[in-house]
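**Student:** Got a structure for you, written out below as structure tokens; questions coming shortly.
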Amino acid sequence: MPLLVLGANSLIAQAASANFAEAGHEIIFAGRNKEELSKIAGDFNIRYKVNCLTEYFDALDYANHRKFVETVFTISPELNYALIVFGYLGTQEKAQSDFTEAHKIINSNYTGVVSACELIAAEFESRKKGSIAIISSVAGDRGRQSNYMYGSAKAGLSAYSQGLRNRLFKSGVNVLTIKPGFVDTPMTYGMPLPKLLVASPKKVGKDIYKAMIKGKNVIYTPFYWWWIMKIVKSIPETIFKKLKL
Ligand SMILES: NC(=O)c1ccc[n+]([C@@H]2O[C@H](COP(=O)([O-])OP(=O)(O)OC[C@H]3O[C@@H](n4cnc5c(N)ncnc54)[C@H](OP(=O)(O)O)[C@@H]3O)[C@@H](O)[C@H]2O)c1
């Protein structure tokens, strides 16, 4: 059953897709960089012997989302899996003084997902089958001074995916919320992160694939982030606000 990936240039997207391709699923890679997507699709075609297609998709071009979703369901009528990967970390400091940056962070991580997801959800709901997986972040579990613009958009996204899951449950459509910790991708390159806590896109991609196939509700990836965030969330606000996090 085919998989649609939004934000397919991401290394996490490619790693998750590789698991689907290995299992024989057709893939539609969607994103802004069609040239790069064509290279990825060509590579998958040769490596996994599966049919791979590419489509242009810009999360911020809301006006074209309906046409995009109609197109993908037309070219792939059996489409059953949608993985929403795109996101934008941005710069917290810049976002505090420049609303254009704050707006981009909010729109890229929240509004863009809602716009595309509602259209995909409606199609799956009418077919009474399908599976949507949305990449949120552990950053959405607690607001921190160092990245609360991004974190708050991801918090909204986690709540959105939770509500969508509740709505679609009765139609037999699954919605998975994915909360990665630190992952070694261009988004985190150059950041002073604790090496032991930085996972590979391959590990995160495998976790995403397994959770989608099993129809899970929420995953932390790697799993130990569930424990880390349990501790982080339990710190009283009076103490937390004094920490340089
Ligand atoms: N890396 C981490 O530590 C980490 C941790 C937690 C959650 N996440 C989440 O995991 C997801 C993947 O991130 P990543 O680490 O792979 O980061 P990345 O390498 O920066 O990839 C982000 C992807 O989002 C796409 N994108 C951004 N804005 C877009 C737009 N307007 N329309 C379409 N695509 C757009 C980018 O497309 P282009 O190639 O066109 O720029 C890129 O492919 C994101 O949702 C991120 O928030 C990452």
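Please treat every number below as a calculation from the coordinates, not as lab data. As the structure is a computational prediction, the values presented were derived from the model and not from experiment. Counting neighbours? That spans all protein chains shown, and the Cβs are built from the backbone with ideal geometry, glycine included.
**Student:** What number of residues within the stretch 83-100 are free of Cβ contacts under 8 Å to residues at least 60 places away in the same chain and hydrophobic (A, V, I, L, M, F, W, C)?
**Tutor:** Selection size over the stretch 83-100: 2.
**Student:** I need the helices (runs of 4 or more DSSP H) fully contained in the stretch 128-244, keeping only those with at least 1 residues that are touching a Pro at 6+ places or on another chain (Cβ under 9 Å) and either surrounded by 14 or more Cβ atoms within 10 Å (Cβ to Cβ) or of a type outside the set (Lys, Arg) (or both). Spell out how you get there, then give the answer.
**Tutor:** On the way: elements: 148-169, 201-214, 225-234, 237-240.
In the stretch 128-244, 201-214, 225-234 are the helices (runs of 4 or more DSSP H) which contain 1 or more residues that are touching a Pro at 6+ places or on another chain (Cβ under 9 Å) and either surrounded by 14 or more Cβ atoms within 10 Å (Cβ to Cβ) or of a type outside the set (Lys, Arg) (or both).
**Student:** Please indicate, with yes or no, whether at least one residue in the stretch 178-192 is of a type outside the set (Asp, Glu), within 17 Å of the chain's Cα centre (by Cα) and more than 10 Å from the ligand (Cβ to nearest atom).
**Tutor:** no
**Student:** For the stretch 216-245, which residues satisfy the criterion of being under 24 Å from ALA199 (Cα atoms) and among the hydrophobic types (A, V, I, L, M, F, W, C)?
**Tutor:** Within the stretch 216-245, VAL218, ILE219, PHE223, TRP225, TRP226, TRP227, ILE228, MET229, ILE231, VAL232, LEU245 qualify.
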